[in-house]
Amino acid sequence: METLPRSELESSITVEEAQPEDAEEMVRVHSQSWLETYPNDEIGLTEADVQRHLLVKAVGKVERYREQIKTQDDSHHMAFVARHDGKIVGLSLPHVEKDGRHRLGALYTLRDVHGQGAGDRLIEQALKWHGNN
């Protein structure tokens, strides 16, 4: 991703409801954000450890995301994506649990857009979907 001044990058990030065809790219962003975030030499968590975890979790994940997106109008869960230049750079998966508690669920953004408003916009959209609960 090209490096743009903060205001220019921030204004070029959009957030929208995910579509079924976004599922594969969402899994890529999810995995990449984990690889950018979780390896930690101080606690002995290596990139290989994170990759092993992601491989186990990856089985069927594209189809699970796709199915979740197809049924997101049921008011129990939603998927939002943040885009820059047409590419997904973040996602959020707000949902309502069976006991009625509202949850953000997953929130992932790529390191290249940290501090550029993608996470803020994803949270704002999730809150709006939840009715600001």
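The values are calculated or read from the model by the stated rules, or taken from the named source; none is laboratory data. Just so it is clear, the structure is predicted and the values come from calculations on it, not from any experiment. Methodologically, a virtual Cβ is constructed for each residue, glycine included, from the backbone with ideal geometry; neighbour enumeration extends over all protein chains shown. Quick note on the areas: whole protein, heavy atoms, side chains included, nothing else; ligands and nucleic acids left out. Shrake-Rupley method; radii C 1.70, N 1.55, O 1.52, S 1.80 Å.
The set of residues in the stretch 1-23 being at pLDDT below 60, open to solvent by less than 70 Å² (accessible area, probe 1.4 Å) and either in a helix (DSSP H, G or I) or closer than 12 Å to Arg121 by Cβ (or both) consists of Leu9, Glu10. The set of residues in the stretch 31-54 that are hydroxyl-bearing (Ser, Thr, Tyr), assigned to a helix (DSSP H, G or I) and surrounded by fewer than 16 Cβ atoms within 10 Å (Cβ to Cβ) contains only Thr37. The listed residues are Ala58, Ala48, Ala79, and the only one of them that is aliphatic (A, V, I, L, M) and under 11 Å from the mean Cα position of the chain (by Cα) turns out to be Ala79. Of all the residues in the stretch 90-129, those that are touching a residue at least 24 places away in the same chain (Cβ under 8 Å), over 12 Å from the mean Cα position of the chain (by Cα) and not in a helix (DSSP H, G or I) number 5. All of Arg101, Arg111, Arg83 fail the test of being of a type in the set (Lys, Arg), surrounded by 17 or more Cβ atoms within 10 Å (Cβ to Cβ) and either out of contact with any His (no Cβ under 6 Å at 6 or more places or on another chain) or farther than 15 Å from His30 by Cα (or both), apart from Arg83.
Selection over the stretch 55-80 of residues that are open to solvent by 10 Å² or more (accessible area, probe 1.4 Å) and in a strand (DSSP E or B) gives a count of 1.
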